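The values are calculated or read from the model by the stated rules, or taken from the named source; none is laboratory data. Note that the structure is a prediction, hence the values are computed from the model and not measured. Positions of Cβ are backbone-derived with ideal geometry, glycine not excepted, and every protein chain shown enters the neighbour counts. Just the protein is used for accessible areas: all its heavy atoms, side chains included, with ligands, DNA and RNA removed. Shrake-Rupley method; radii C 1.70, N 1.55, O 1.52, S 1.80 Å.
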Amino acid sequence: MCNHNTSFAVLMSAYEIDRGYAEAQSYVTWVLLGFSTIGLILTLAFLLPAKALRATRSAKINICFTLSLLLASLLFLVQDLFIKSDNTGIIKLKSVACAVYAMLQHYLWLVVFCWMVVEGFLMYLSLVQVFGSHISKYMLKFNLAAWGIPLPFPFIGYFVFTKHYSISDRQFTQHDYLADTMCFIKPESIPFFAFFLAPLVIVILINIVFFCLGGQGYQKFQKSSGTIFGSGANFATTESSRGSHGSLGYRLVLRYFYVPTGPFLPDSHAVSLHPS
């Protein structure tokens, strides 16, 4: 059985990934996510030294979004160094360290989702509320929202859905938050659907609304100005926001509809009790 956990597909799979295909998925993920990580690092390397560009609102938000995505990607990419599906890694499955790692991954991806909403909101302000788009201390407010709103979800998911039992003189723990073969949210569980999939769906729906409103506002601007190049900054903001929150969000949603097939599909409905 393959002991790799770094297939990016595991993030959005509502079912256990067929371990027969996990090794090939892992290699593909290492290559593609490695290139993506390099791209994120280069993005920060080009944005941070440019003072004039860094001072703009869109650049500040893009830096925060890129940083959160970089942290989430790195944490996911390096987990094979510490975690093995056969429980031979430095971090043992269902341990406290595994729970911390899973909660941290969960939190960082929710932060990424929040920055996707901020990107969509920025596009809306740039195209629809052009003359009334000033927000005092906007970066403080955006950061508090993006880094603060996701904070309770991993704690609720773990502490509410981790149950302790006593049978005779032995203590057992039922993990309905942690997956059986990796340190992430358990597929096909209430925490997965309520605290990971549902927020992503809400983010996508909100951004669709923002994009539709922004498209309508841009069309009105075109008609009133008589040219499609009257606001190059707004057009660039539209393309940047659409690319950043769309490419990640829609890819994850499409991944949810993937149906794993193969010779081995573990029974994800079985309850596993582990001595605490």
Note to self: From the list 93, 125, exactly one residue is closer than 30 Å to residue 219 by Cα and more than 18 Å from the chain's Cα centre (by Cα). Which is it?
What the structure shows: 125
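Filter segment 33-79 down to residues that are touching a Lys or Arg at 6+ places or on another chain (Cβ under 8 Å), of a type outside the set (D, E, K, R) and assigned to a helix (DSSP H, G or I), then give me how many there are.
Residues flagged as touching a Lys or Arg at 6+ places or on another chain (Cβ under 8 Å), of a type outside the set (D, E, K, R) and assigned to a helix (DSSP H, G or I) within segment 33-79 amount to 2.
Any idea which of 138, 165 is aromatic (Phe, Trp, Tyr), at pLDDT below 85 and over 17 Å from the mean Cα position of the chain (by Cα)?
165 is the lone residue from the list that is aromatic (Phe, Trp, Tyr), at pLDDT below 85 and over 17 Å from the mean Cα position of the chain (by Cα).
Among the residues in segment 163-185, are any part of a helix (DSSP H, G or I) and open to solvent by 30 Å² or more (accessible area, probe 1.4 Å)? Lay out the reasoning, then the answer.
Of all residues in segment 163-185, those part of a helix (DSSP H, G or I) come to none.
No: zero hits.
Please determine whether any residue of segment 81-101 is assigned to a helix (DSSP H, G or I), out of contact with any strand residue (DSSP E or B) (no Cβ under 7 Å at 6 or more places or on another chain) and farther than 28 Å from residue 198 by Cβ. Talk me through it step by step, then tell me what you get.
In the first step, residues of segment 81-101 are kept if they are assigned to a helix (DSSP H, G or I); the result is 81, 96-101.
Within this subset, residues satisfying the condition of being out of contact with any strand residue (DSSP E or B) (no Cβ under 7 Å at 6 or more places or on another chain) are 81, 96-97, 100-101.
Applying the additional criterion that residues be farther than 28 Å from residue 198 by Cβ yields 81.
Yes; the residues of segment 81-101 include at least one that is assigned to a helix (DSSP H, G or I), out of contact with any strand residue (DSSP E or B) (no Cβ under 7 Å at 6 or more places or on another chain) and farther than 28 Å from residue 198 by Cβ.
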Notebook entry, point to check: Restricting the search to segment 186-219, which residues are in a loop (DSSP other than H, G, I, E, B) and either out of contact with any Ser or Thr (no Cβ under 6 Å at 6 or more places or on another chain) or surrounded by 15 or more Cβ atoms within 10 Å (Cβ to Cβ) (or both)?
Noted result: 186, 187, 189
Next item on the list: With the checklist (1) closer than 21 Å to residue 192 by Cα; (2) crowded, with 20+ Cβ neighbours inside 10 Å in hand, flag the one item residue 75 doesn't pass.
Entry: (2)
Margin query: I'd like the full set of residues that are of a type outside the set (A, V, I, L, M) and open to solvent by less than 90 Å² (accessible area, probe 1.4 Å), limited to segment 32-48.
Written below: 34, 36, 37, 39, 43
Notebook entry, point to check: Only one of these conditions is not met by residue 156: (1) out of contact with any Lys or Arg (no Cβ under 9 Å at 6 or more places or on another chain); (2) at pLDDT below 90; (3) outside any loop (DSSP other than H, G, I, E, B). Which number is it?
Noted result: (2)
